[in-house]
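The values are calculated or read from the model by the stated rules, or taken from the named source; none is laboratory data. Computed from a predicted structure; not experimentally measured. Because the Cβ atoms are built from the backbone with ideal geometry, glycine has one as well, and the counts that use them run over all protein chains shown.
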Amino acid sequence: MSKRFNHLGNEWEAFATGWGDGVGSAFRPDVDRWGVVFRSVTNPSSGDYGVGSISEADPADASERELKRALEEQLVLAAINRSRYVWRPAEAISEETRIPLERVRHILENAATDVIGGSRNDQGYWLYTTRAHLAKAASPAMRQFFKIQESS
């Protein structure tokens, strides 16, 4: 269960994860979002990109528009999580991923639930990171603090 498509100058393949998310009652949940992982066919050494979500269990049944939007979210998160920098401005993420700046900002401010907005850098750009990336870069004491925050 996969689908190939072109986006941002690359050929991509979307693979179903086999799991879904949704709301339901009793013993019959209604799954309305399905997991999908993206891999660059053009540049396979870049590895897999996150677990996005789409409305179809099989990516072959999803529209290219929906796959592109889910891919863009994963590329934005990867631009943060794979960076040597803890905090990244939307402008740098846009340049790196080739996703238009307004779309990157939308993802950072709305779609990516684990994104943290920080302060402005010296150039006046807002900085962003993810909880996972911040925890990875943090001191042992801060890691313990994050664990306590997640469990409460």
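Figures for the structure shown
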| quantity | calculated |
| --- | --- |
| Index of the failed condition, residue 69 passing every other in (1) surrounded by 13 or more Cβ atoms within 10 Å (Cβ to Cβ); (2) charged (D, E, K, R); (3) over 30 Å from residue 134 (Cβ atoms) | (3) |
| Condition broken by residue 49, with the remaining ones in (1) of a type in the set (Ser, Thr, Tyr); (2) touching a residue at least 12 places away in the same chain (Cβ under 8 Å); (3) outside any strand (DSSP E or B); (4) surrounded by 15 or more Cβ atoms within 10 Å (Cβ to Cβ) satisfied | (3) |
| Output for region 65-81, where each listed residue is over 8 Å from the mean Cα position of the chain (by Cα) and in contact (Cβ under 8 Å) with a residue 60 or more places away in the chain | 67, 68 |
| Residue in region 97-116 that is farthest from residue 135 (Cα to Cα), counting only those that are modelled with pLDDT under 90 and exposed (fewer than 13 other Cβ atoms within 10 Å of the Cβ) | 110 |
| The one condition in (1) crowded, with 18+ Cβ neighbours inside 10 Å; (2) of a type in the set (A, V, I, L, M, F, W, C); (3) over 11 Å from the mean Cα position of the chain (by Cα); (4) farther than 11 Å from residue 15 by Cα that residue 41 fails to fulfil | (1) |
| Exclusive hit being hydrophobic (A, V, I, L, M, F, W, C), at pLDDT below 95 and closer than 26 Å to residue 129 by Cα, set 86, 76, 31 | 86 |
| So residue 87, is it within 30 Å of residue 120 (Cβ to Cβ) and not β-branched (Val, Ile, Thr) | yes |
| Pair list, Cβ under 7 Å, 6 or more apart: region 115-136 residue in contact (Cβ under 8 Å) with a residue 24 or more places away in the chain and under 9 Å from residue 87 (Cα atoms), other residue assigned to a strand (DSSP E or B) and polar (S, T, N, Q) | 118/129; 127/119 |
